[in-house]
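Down below is the structure, laid out as structure tokens.
A short reminder: the numbers here are calculations on the coordinates, not readings from a lab. These numbers come from a predicted model, not from an experiment. Glycine also receives a Cβ, built like all others from the backbone with ideal geometry; neighbour counts cover every protein chain displayed.
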There are 2 protein chains.
Amino acid sequence: MDLSHHLSDEAKNMKPSPLKGMYKYWVIIRLGSSLSGGVPHPSLFPYENMKANVLQPTAFSVGDSDGLFSWLWSAFKNKKSTTEITIPKYANPSDGPSAIQLSTALQYSMVQGLPAFVDFVRNFTLQVFQPAYPDFCVLANSGNTDGWTKACALLCHPGEFILTEDWTYPGALLSAWPSGVRPYPVPMDNLGMIPDDLERILSQWDEYEDHEGKRRPHVMYTIPIGQNPTGAVMDGRRKQEIYDICVKYDIIIVEDDPYYFLQYPEYKRKSERSLRSHIPGKVNPETSRKFLNTLAPSYLKIDHQGRVIRLDTFSKTIGPGCRLGWTTCNPLFATVMENYSANKTNQSSGISQAMVMQLVSKQWGYDGYIRWLRGIGAQYTERRDLMLDSLFEASFSGFGLAQNHSLSQGGVAVYDAYAKPSGFMHGISDEKLPSRGKTLFSFSIPNAGMFLWIKFHLKNHRSWVPRPAPGSALEVKLWTDLAESGVMFAPGYMFSTEEDDTPSDEGFAESHLRSEYAHMRVSFSSATKEEISKAMKTFVEVTLKFFQ
Amino acid sequence: MDLSHHLSDEAKNMKPSPLKGMYKYWVIIRLGSSLSGGVPHPSLFPYENMKANVLQPTAFSVGDSDGLFSWLWSAFKNKKSTTEITIPKYANPSDGPSAIQLSTALQYSMVQGLPAFVDFVRNFTLQVFQPAYPDFCVLANSGNTDGWTKACALLCHPGEFILTEDWTYPGALLSAWPSGVRPYPVPMDNLGMIPDDLERILSQWDEYEDHEGKRRPHVMYTIPIGQNPTGAVMDGRRKQEIYDICVKYDIIIVEDDPYYFLQYPEYKRKSERSLRSHIPGKVNPETSRKFLNTLAPSYLKIDHQGRVIRLDTFSKTIGPGCRLGWTTCNPLFATVMENYSANKTNQSSGISQAMVMQLVSKQWGYDGYIRWLRGIGAQYTERRDLMLDSLFEASFSGFGLAQNHSLSQGGVAVYDAYAKPSGFMHGISDEKLPSRGKTLFSFSIPNAGMFLWIKFHLKNHRSWVPRPAPGSALEVKLWTDLAESGVMFAPGYMFSTEEDDTPSDEGFAESHLRSEYAHMRVSFSSATKEEISKAMKTFVEVTLKFFQ
């Protein structure tokens, strides 16, 4: 399908590579003497080899048979067994063209990625995401920020709107902002963007008054799994609905999916939890397949037209400092992006590519890496569970939590938190009980990602007024109370798509503070067990006092 | 000095970081519990350590006392002694804040660079380039392509001209091209841009007809040392002249200097060469200082106004695959560039930073790295000498080389090559001899960088016509003759600043082919000794035949 009309002027204005026309002589170069390239000789690279001691793919339990909780926290103290991997300066020629060697990794190379990188991620994408068309392309990027920046530059004209979730990752907006590309938010629920709202926005575009006469968006930026900041997970059915609308209105979908492998089972109270996985923790094709079947599909799986640009990263599964990921898209977009990368940044770090591939592809292999991903996912599941456990435990002391059944949907439970009238019995309450007070905050159980998204019902605060004076807003007060008690959450305004929500020196956006609600994003990804427990206890105390 | 008027709209339109306003709470974060950031926990990074076996800083001789030629080529065969370096997951706390550890290097970090990186390159810049003002800033980049792309985006408005050398690095043009930023070439000689021509262009800007009514350039892109493709080296005196004109006309200078440490002594014929260095090869502050005094200064040394943005890279001294370098500039530009990088690409690879710094800063140290740079420089000196030796040796068989004294200047010798009338005695001729034929090509001895730049006098070809039919131009024929004989040079059009010199499918620019001259860039950086000798011999044979 021809999607070339989506390319920006910047994409169209690229100068052809001056190497064009020399390509037919590549064979000669290989046979004869090339004195055309200005590259250093590998004998002058100071590294004779690089090595690393690495964990086993099974380093983290998936909890199938080895006890209920493996306690990730013990990872600090207990030394896990490691293996040494080595990247030689020159690989053995018998290891073939995708062998990893420093003489290549430390040299200039194709921006698409080292051969070992391209081979691995192409096969991985094929097996795991199962693209709906055969000639998809993969291309290395330096992490999803880099991938999105390039996709945005090649698709968006300065000043136009892009479709985003109602709350979204601020980094994506910051990248688009300098050229005047602004978010146009689509309302969302626990499954992400709401199809009816998307359809309404697009079908009625020309009738709206709030888009400054700009043309209907043709690019969507979305984080469908473990959405940042809300934690929403979009299932296959919802994706199909959104995709069909994007076909109808000719929208390109940029699927930013860093948390794809951090999908979790439903949360159960501590006492009700049993095994975390019914799939054995063994490394083999069968357990890989079974595990992958538990995950929501990527947009790639339904993208029969090639209108999805998918961004994958090793940041959340290996380490953000690798600055390594890949973009999957149709051949036209891939060619344009490859040229653009060659012009603007050059290749991604060859040291990163070599280190990650020697581990993931050569040491662990495909099934080993899948097993590693399962272990990482299990660790974050424990972290999420611990945070929720801490909240529920705090509910014995002065406030309660009750499931909001009318808002819970699609396997996602929504809870309301409220202050207990004094003298009320300890224990978990139910929303039907007449004794509960007004709702202080509510949240959905995150079934993916790294975040708990808390919505505060400011209207239930005694001092709430519709239009507070600057600096006096309740969100400022609550966030500051928390920070001064030693608990730092990410304030909701950071993820706002409202144009006016640009922080002042006080760091708070004014327009947003006039709302009935405030939001905060709480991360369970990096604090220690003790920090999480203590922080949630302090959070409940400060919040109760705030609403008193 | 206030230079903020140089910033582009893209720079001015950046959205403030949403973290603004939270900064005053950083102390609290450190003391209390931060659940604000969405980062993985380091216990989940799979690398327990990284190691490398690395060469000694003295691995390559500088030729002071250990023989005339150490022959880099032996580096292939002879195993050099190595040391193992190790990057632990967690450094010993007593190693201080700039210790290198994977728990930090694999994590998200400041785009300015890891503490160890910033410490090292700031001190290095201070010692080596001696900036003329104290509050200069350093900032990691992912190589000079990345550094230039960002500098260009933050300074240049779409559609405007930038000042460049007459022939220049095509990558710099490709990066600027999509937003319509075009080169305005300044004539050059063996010392680079010619001050009088620069002054003339700027002073008469409004009278010119060939700049499409666009405003006078306010940005200069220059490669002052080992200029790509011409090999020109700009000395301190010429830099001062150019800088003074840039002050007068308020020009920002972007100094792209990847070849700075590849500065070579004058070429001497094989029989006349003796020691390559009078400075001992020992690693100590005194030899470092003596060596640095032999190098042409950076623009930084005369930049009392902060109008220079200097780009340094580890590509030519450690390896291009590191994708690691740094930008040095004034505090305003540094802040803007740091924000822009945070938005557009995020930090440079932490694995690259850790690997390069553990080697250069922790293992070798400042004086060790200076010694390494000297060794690398000596290796490229040998390569340059070998290429010239091969040309001079070929001059015994049917063609001759004679120094062109009228064009030689500033320590740079220019040579003319000509066919010898048949029956002429073998040997080097002098231009005064009546028996030499017409000049076929000429070149300057490159005293830095990686390239020999050859200028062909097409007008001395019997078939030369001022306006050849497309595809029939002599440059095409000569380049193709060479390629088909197994010798691949980079054709001159690749480095052209002429707008029309965009390659067709044939790879050759038409406007350029109407010139009396053709050019080719010959690299001595990466071929083997045998390849260089053979290629130069073939080159002479093919060229002689071509001009017959």
(request) Express as a percent, rounded to the nearest 5, the fraction of DSSP beta bridges in region A:103-236 (both residues included) that run antiparallel. (result) 25
(message) Could you tell me the calculated FRET efficiency between residue A:545 and residue A:409, based on Cβ-Cβ distance and R0 = 41 angstrom, to the nearest 0.05?
(response) 0.80
(message) Relative contact order of chain A, please, whole-number percent, based on alpha carbon pairs below 8 angstrom and at least 6 residues apart.
(response) 18
(request) Take every DSSP beta bridge whose two residues both sit in the protein assembly as shown, then give the antiparallel share in percent to the nearest 5. (result) 75
(message) Whole angstrom only: what separates the Cα centroid of region B:530-548 from the Cα centroid of region B:323-392?
(response) 35
(request) Just grab the label-to-label distance for residue B:208 and residue A:272, each label 7 Å out from Cα along the Cβ direction, in nm (one decimal). (result) 7.6
(message) I'd like the trypsin sites (Lys or Arg not before Pro) in region B:74-139 restricted to DSSP loop residues with at most 10 other Cβ atoms within 10 Å, sorted by number.
(response) B:79
(request) Give the nm distances, rounded to one decimal, from residue A:211 to the matching residue in every other copy, measuring between label points 7 Å along Cα toward the beta carbon; shortest first. (result) 4.2
(request) Could you work out the mean count of beta carbons from other protein chains within 10 Å of each residue's beta carbon in A:479-487? (result) 4
(request) Select from region B:202-273 those GluC sites (Glu not before Pro) which occupy a DSSP coil region and have at most 15 other Cβ atoms within 10 Å, ordered by residue number. (result) B:209, B:212, B:266
(request) State, to one decimal in nm, how far the label point of residue B:133 lies from the label point of residue B:498, with both points 7 Å from Cα in the Cβ direction. (result) 4.0
(message) Greater than 31 Å separation of Cα atoms is the criterion. Which listed pairs, B:150/B:455; B:214/B:248; A:89/B:282, meet it?
(response) B:150/B:455
(request) May I ask you to derive the FRET efficiency for residue B:393 and residue A:244 from their Cβ-Cβ distance with R0 = 51 Å, giving the value to the nearest 0.05? (result) 0.10
(message) Placing the label point 7 Å from Cα along the Cα-to-Cβ direction, what are the distances from residue A:92 to the equivalent spots in the other copies, shortest first, in nm to one decimal?
(response) 3.8
(request) For region A:88-234, go through all pairs of different Cα atoms, get the mean of 1/r, take its inverse, and jot down that Kirkwood value in Å. (result) 18.2
(request) Only helical DSSP H runs with n ≥ 4 go in: add -39500 (n - 2.57) per run for chain B, normalise by residue count and round the 222 nm mean residue ellipticity to 500 deg cm²/dmol. (result) -9000 deg cm²/dmol
(message) How many angstrom lie between the Cα centre of region A:124-156 and the Cα centre of region B:116-156?
(response) 32
(request) In debye, nearest 20, what is the charge dipole magnitude of chain B about its Cα centre with +1 on Lys and Arg Cβ and -1 on Asp and Glu Cβ, if you could check? (result) 1580
(request) Would you mind checking A:316/A:362; A:15/B:477; B:301/B:529; A:344/B:477; B:270/B:529 for any pair whose Cα atoms are more than 27 angstrom apart? (result) B:301/B:529; A:344/B:477
(message) Under the convention of a label 7 Å out along Cα→Cβ, give the distances in nm from residue B:286 to the same position in every other copy, shortest first.
(response) 7.5
(request) Would you mind working out the magnitude of the charge dipole of region B:107-184 relative to its Cα centre, with +1 at each Lys and Arg C-beta and -1 at each Asp and Glu C-beta, to the nearest 20 Debye? (result) 120
(message) I'd like the trypsin sites (Lys or Arg not before Pro) in region B:225-329 restricted to DSSP loop residues with at most 14 other Cβ atoms within 10 Å, sorted by number.
(response) B:268, B:269, B:282
(message) Just to be sure I understand the model, the point goes 7 Å from the Cα along the line to the Cβ. What's the resulting residue B:235 to residue A:305 distance in nm?
(response) 6.6
(message) So if I place +1 on the C-beta of Lys and Arg and -1 on the C-beta of Asp and Glu, and nothing else carries charge, what would the dipole magnitude of the protein assembly as shown be about its Cα centre? I want it in debye, nearest 20.
(response) 3120
(message) What whole-number volume per residue, in cubic angstrom, does the convex hull of the C-alpha atoms of chain B give?
(response) 179
(message) Using the alpha carbons of the protein assembly as shown, what is the convex hull volume per residue in cubic angstrom, as a whole number?
(response) 177
